[in-house]
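Heads up, the thing below is written out as structure tokens.
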Amino acid sequence: MRRKLITGNWKMNGGLASNAALLSAVKSELGQPSCQVAVCAPAPYLAQCQQLLSGTQVAWGAQDVSAHDAGAYTGEVSAAMVKDFDCAYVIVGHSERRAYHGESDETVGRKAARAIAAGLIPIACVGETLAEREAGQTEQVVQRQLDAVLAQLAGNDLAKLVVAYEPVWAIGTGKTATPQMAQDVHAFLRGRIAARDAQAASGIQILYGGSMKPDNAAELLAMSDIDGGLIGGAALKATDFLAIVRAAA
Ligand code: PGA
């Protein structure tokens with residue numbers, strides 16, 4: 001039985017004071033969650049997360065990491081640097097990175113491999129645009145994106161991977177994939193991983209992301225291949241985030 005994972009993706013939001021208020025509210029109301037809980041913060045706040053979340057039920061992570069190891073890459077943050085702040089996770093290949101920063105499938109795969117080499121769990125995002133869905137290309141697109149990640153990982157690294165299915169048309173738009181639409185893609189992704197390693201496929205967590213909210217979380221999380229959520233907007237409000245955590249119980 002896979003444990004569920006609810007991860008906030010704060011994107012480029014927050015500040016020292018508002019992060020402290022959000023995390024304090026989450027910590028005080030969380031209790032003993034039956035699912036895993038994490039927040040992915042902007043890089044400058046990873047030290048704050050480490051300070052405020054160490055020893056709690058909430059893990060933390062980054063939102064991106066360099067595909068390079070170290071060196072003359074001004075502005076980049078390496079996986080080892082992220083790991084220095086005891087991060088458990090790092091998001092790679094979010095659709096906003098792919099769309100606004102030109103990240104290719106291959107770059108995303110290299111980032112996932114760097115993350116694993118540094119001891120982080122990459123949350124590798126895949127998802128189709130509205131035009132791709134309407135053209136009937138959803139499976140083709142997510143397969144291409146997933147395969148590029150799998151291609152960079154050694155066999156025994158598969159167990160250290162989390163996948164997030166985030167249909168681009170559902171992110172921040174208020175439009176959510178129906179539970180069945182999401183389940184179909186999740187099952188497809190798991191099947192694709194199973195073709196390489198059946199045992200790893202049955203253990204791997206596949207999260208759904210894209211306008212997951214307190215009022216739709218329970219029905220999405222009830223689907224057999226939906227193992228959690230990557231939560232954007234709703235992760236910025238403690239009450240909403242906690243309601244989604246409870247829906248995963
Ligand atoms: P959203 O974002 O929940 O605001 O749609 C999800 C994401 O982009 O990870």
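Quick notes
- On the stretch given as the range 81-97, residues that are within 17 Å of V108 (Cα to Cα) and not hydroxyl-bearing (S, T, Y) total 8.
- Pairing residues of the range 156-170 that are more than 16 Å from the ligand (Cβ to nearest atom) with residues that are assigned to a strand (DSSP E or B) and among the hydrophobic types (A, V, I, L, M, F, W, C), at Cβ distances under 6 Å and at least 6 apart in sequence or on separate chains, gives K160/I121.
- Of everything in the range 193-218 that is away from the ligand (no atom under 15 Å from the Cβ) and among the hydrophobic types (A, V, I, L, M, F, W, C), the residue that is farthest from E29 (Cα to Cα) is A195.
- Considering (1) buried (at least 19 other Cβ atoms within 10 Å of the Cβ); (2) outside any helix (DSSP H, G or I); (3) touching a helix residue (DSSP H, G or I) at 6+ places or on another chain (Cβ under 7 Å), the lone condition that I91 does not fulfil carries the number (3).
- Inter-residue pairs, beta-carbon under 7 Å, first over 10 Å from V39 (Cβ atoms) and in the range 8-19, second modelled with pLDDT of 95 or more and open to solvent by 70 Å² or more (accessible area, probe 1.4 Å), 6+ apart: N13/L236
- Among (1) among the charged types (D, E, K, R); (2) open to solvent by 10 Å² or more (accessible area, probe 1.4 Å); (3) outside any helix (DSSP H, G or I) - the single one R144 does not satisfy: (3)
- Between A124, A148, the distinction of being more than 28 Å from V245 (Cβ to Cβ), at pLDDT 95 or above and aliphatic (A, V, I, L, M) belongs to A148 only.
- When residues of the range 119-138 are limited to those that are of a type in the set (G, A, S) and more than 14 Å from the ligand (Cβ to nearest atom), the one surrounded by the fewest Cβ atoms within 10 Å (Cβ to Cβ): G136
- L221 passes every criterion in (1) closer than 17 Å to H94 by Cα; (2) more than 9 Å from the ligand (Cβ to nearest atom) apart from (1).
The values are calculated or read from the model by the stated rules, or taken from the named source; none is laboratory data. Note that this is a predicted model, so its numbers are computed, not measured. Every residue, glycine as well, gets a Cβ built from its backbone with ideal geometry; the counts of neighbours run over all protein chains shown. Accessible surface areas use protein heavy atoms only, side chains included; no ligands, DNA or RNA. Shrake-Rupley method; radii C 1.70, N 1.55, O 1.52, S 1.80 Å.
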